[in-house]
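Participant: Handing you a structure now.
We did not get these values from a lab; they are worked out from the coordinates using the rules stated. Model, not experiment: these values are computed from the prediction. Cβ coordinates were reconstructed from backbone atoms using ideal geometry, including for glycine residues, and neighbour counts include every protein chain displayed.
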Amino acid sequence: MSDTFLTLATPAEAQFREKASTFLALAAPAASEAQARAVLAAREKLHWDATHNCSAWLMRDGVRRANDAGEPGGSAGAPILAAIEGAGVTDCIVIVTRWYGGTKLGVGGLVRAYGDAAAQALQAAPRLRGTYAERLAIPYAYAHTAAVMRAVERAGAEEMEHGYAEGGSAGIIRVSVPRGRVAALVDELREATAGSVTPEREGETTLYRNADSGSAYS
């Protein structure tokens, strides 16, 4: 199992016309099926006058859904889902809204139109790279401050909280560390402090960074 995945940072839209029909696609992040359904419900309410609101979503746990919403079977939801899979992203939903213009496109034309609309919206959406991580609490004596800070930086950890005991004789730092680097960080801390610093695991989390720049995304 990979320690990283791609998802969407923010929603994006794409629109085009095909033989008088208008296709408007929305690609949006959704961390769960419940969120995906909420996004779909809001879209259906917004575009209540549309002929179809077809959709698909893909979750990190492998759950995937595709809905033709009244179009011929396999002509809308499946190509939307294929576009998501082709983009290499998860935890997202794509909804393609169609206003029928009076000219039938045929199943092949619908597959191309829905797939193209989904792909364009996905291409327009900025990406986040998620990294599975662990939360660690690292208590340490003041004399080991420099060694602890160096090890934390080398591990690519994100600092969440840092405090000191009264008088500054000891400190504790809480960090989120990429899962694949936890063991190396623990070993380095023990070696650098002659075994006196032992991190305490406090649970799992996920780190998100801008997939283009690698910087933290907020």
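Participant: Taking the Cβ-Cβ separation of Arg201 and Leu6 as r and a Förster radius of 25 Å, what is the calculated FRET efficiency to the nearest 0.05?
Facilitator: Numbers: r = 27 Å, r/R0 = 1.06.
For R0 = 25 Å, the calculated efficiency reads 0.40.
Participant: May I ask you to evaluate 6.51 cos²θ - 1.76 cosθ + 1.60, the Karplus curve with θ = phi - 60°, for each residue of segment 182-192 and list the ³J(HN,Hα) values in order in whole Hz, giving x for glycine and proline?
Facilitator: Running phi through 6.51 cos²θ - 1.76 cosθ + 1.60 with θ = phi - 60° gives 5, 4, 5, 5, 4, 5, 5, 5, 5, 5, 6 Hz.
Participant: At 222 nm, what value in deg cm²/dmol follows for the chain if DSSP H runs of at least 4 each add -39500 (n - 2.57) and the sum is divided by all its residues, to the nearest 500?
Facilitator: Dividing the helical sum by the residues of the chain leaves -9500 deg cm²/dmol.
Participant: Rounded to the nearest 0.05, what FRET efficiency is calculated for Glu159 and Ser32 with R0 set to 25 Å and r the Cβ-Cβ distance?
Facilitator: Details: r = 28 Å, r/R0 = 1.11.
With R0 = 25 Å, the Cβ-Cβ based efficiency is 0.35.
Participant: What distance in nm separates the two pseudo spin-label positions at Glu13 and Tyr100, each 7 Å out from Cα along the beta-carbon direction?
Facilitator: 2.3
Participant: Right, here's the next one. For Arg190 and Gln123, what does the FRET efficiency come to when R0 = 41 Å and r is the distance between their Cβ atoms, rounded to the nearest 0.05? Don't skip to the answer; put the middle values down first.
Facilitator: Numbers: r = 46 Å, r/R0 = 1.13.
Efficiency, from the Cβ-Cβ distance: 0.30.
Participant: From zero up to wherever the largest Cα-Cα distance of segment 1-53 sits, split into 5 Å bins and tell me the percent of pairs in each.
Facilitator: With a bin width of 5 Å, the distribution comes to 4, 15, 21, 22, 16, 10, 6, 3, 2, 0.
Participant: May I ask for the Kirkwood hydrodynamic radius of segment 1-121, worked out over all distinct Cα pairs and given in angstroms to one decimal?
Facilitator: Numbers: mean 1/r = 0.0710 Å⁻¹.
Over segment 1-121, the inverse of the mean reciprocal pair distance is 14.1 Å.
Participant: In percent, how large is the relative contact order of the chain, given Cα pairs closer than 8 Å and 6 or more residues apart? Each step should come with its number before you reach the end.
Facilitator: Details: 463 pairs, mean separation 50.2, N = 218.
Relative CO of the chain lands at 23 percent.
Participant: Using a simple charge model, +1 on the beta-carbon of Lys and Arg, -1 on the beta-carbon of Asp and Glu, nothing else, what dipole does the chain show about its Cα centre, in debye to the nearest 20?
Facilitator: So the magnitude is around 700 debye.
Participant: Evaluate the charge dipole of segment 76-166 about its Cα centre and quote only its size in Debye, nearest 20, assuming +1 on the Cβ of each Lys and Arg and -1 on the Cβ of each Asp and Glu. Before the final figure, lay out the partial values.
Facilitator: Details: 8 positive and 9 negative charges, 127 e Å.
It comes to approximately 620 debye.
Participant: Next question. Return one number: the angle in degrees, 0 to 90 and rounded to the nearest 10, between the long axis of the Cα atoms of helix 106-124 and the longest principal axis of the Cα atoms of the chain.
Facilitator: 30
Participant: Specify the angular offset, from 0 to 90 degrees and rounded to the nearest 10, of the alpha carbon long axis of helix 145-154 from the longest principal axis of the alpha carbons in the chain.
Facilitator: For 145-154 against the chain, the angle is about 30 degrees.
Participant: Expressed as a whole number of Å, what is the distance separating the alpha-carbon centroids of segment 36-51 and segment 63-108?
Facilitator: 14
Participant: Shifting gears a bit: Can you tell me the 0 to 90 degree angle between the C-alpha axis of helix 33-46 and the longest principal axis of the chain, rounded to 10?
Facilitator: Result, in degrees: 40.
Participant: Order the peptides 107-115, 52-60, 140-148 from the highest to the lowest mean number of other Cβ atoms within 10 Å of their residues.
Facilitator: On the way: 107-115: 19.0, 52-60: 23.3, 140-148: 15.7.
In decreasing order of mean packing, 107-115, 52-60, 140-148 become 52-60, 107-115, 140-148.
Participant: Let me know the whole percent of all Cα-Cα pairs from the chain that are separated by more than 32 Å. Each step should come with its number before you reach the end.
Facilitator: Values: 8962 of 23653 pairs.
Pairs farther apart than 32 Å: 38 percent.
Participant: Moving on. D for segment 129-210, whole µm²/s, Stokes-Einstein with Kirkwood Rh over alpha-carbon pairs at 4 °C and 1.567 mPa s: what number? Spell out each step's value before the answer.
Facilitator: Values: Rh = 12.7 Å.
Diffusion coefficient, whole number: 102 µm²/s.
Participant: Taking springs between alpha-carbon atoms closer than 10 angstrom, which of Pro11, Pro139, Pro178 fluctuates most in the Gaussian network model of the chain?
Facilitator: Pro139
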